Amino acid sequence: MAFLFVLTVGLVAGTISGIVGTGSSIMLMPVLISAYGPKEAVPIMAVASVMANFSRIMAWWREVDWRACAAYSVTGIPAAALGARTLLALPSHAVDLAIGTFLIAMVPVRHFLARHELKANLWHLAIGGAVIGYLTGIVVSTGPLSVPLFLFYGLSKGAFLATEAASSLGLYFAKSVTFERFGALTGEVFIKGLIAGSSLMLGAFIAKRFVLHLRPDVFRLLMDAIMIAAGLSMLWTAAQP
């Protein structure tokens with residue numbers, strides 16, 4: 001039953017994250033913790049996230065902005081590896097609290113910046129990649145952190161989903177490799193990650209037909225909703241003993 005529940009939630013999470021670009025870790029992580037325990041859940045989710053991002057790249061291959069991806073990844077990949085190493089010795093409650101507050105605050109900030117037509121450039125993506133990459137290594141999910149960054153850069157719908165996924169793929173791969181190097185990613189954990197990731201991959205392809213029919217204003221509204229939900233989820237996690 002636990003196995004089927006993971007696959008079901010993974011399919012739903014993969015579909016939703018395939019529409020809005022993030023949220024799969026936030027939805028699937030509580031289920032993984034319940035099924036496998038917190039010690040295995042983090043590396044399982046890291047493997048599943050690699051697969052989920054890879055599936056979004058395949059679904060939107062022609063839409064990837066490779067310049068933006070390179071600018072974000074060149075600093076984000078080494079930062080993610082460093083963050084994953086830090087995770088082994090650092091409690092994440094304070095980090096969850098800070099990120100949750102940031103995500104909720106970013107909703108009105110994003111609207112303010114959009115009204116003033118402020119845009120991000122490649123340098124901003126490189127700086128954001130370093131910060132978000134390090135936090136990605138430490139906490140379960142920082143996917144919503146990259147949402148405003150890539151939206152400010154001017155990406156939307158398929159281009160946003162593809163470029164964010166391509167940029168995040170290297171970060172989660174670096175995180176997974178670091179876990180394996182320090183003994184947290186065993187063969188059994190890797191197989192569980194593959195199983196969870198397969199449902200996320202299927203959901204990404206189901207989501208494509210919905211994204212193609214989304215109006216830009218509805219897409220931005222979904223972005224706001226997932227950021228608020230993610231922020232509240234992280235604040236809830238931080239409040240737990």
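So what's the net charge close to SER176: Lys and Arg +1, Asp and Glu -1, counting the other residues with Cβ under 15 Å from its Cβ?
+1
How big is segment 121-190 by Rg and Dmax over its Cα atoms, in Å?
13.6, 42
Here, each number is a calculation from the coordinates, and none is a lab measurement. The structure displayed is predicted, hence computed values, not measured ones. All Cβ positions, even for glycine, are placed from backbone atoms using ideal geometry, and neighbour counts span all protein chains on display.
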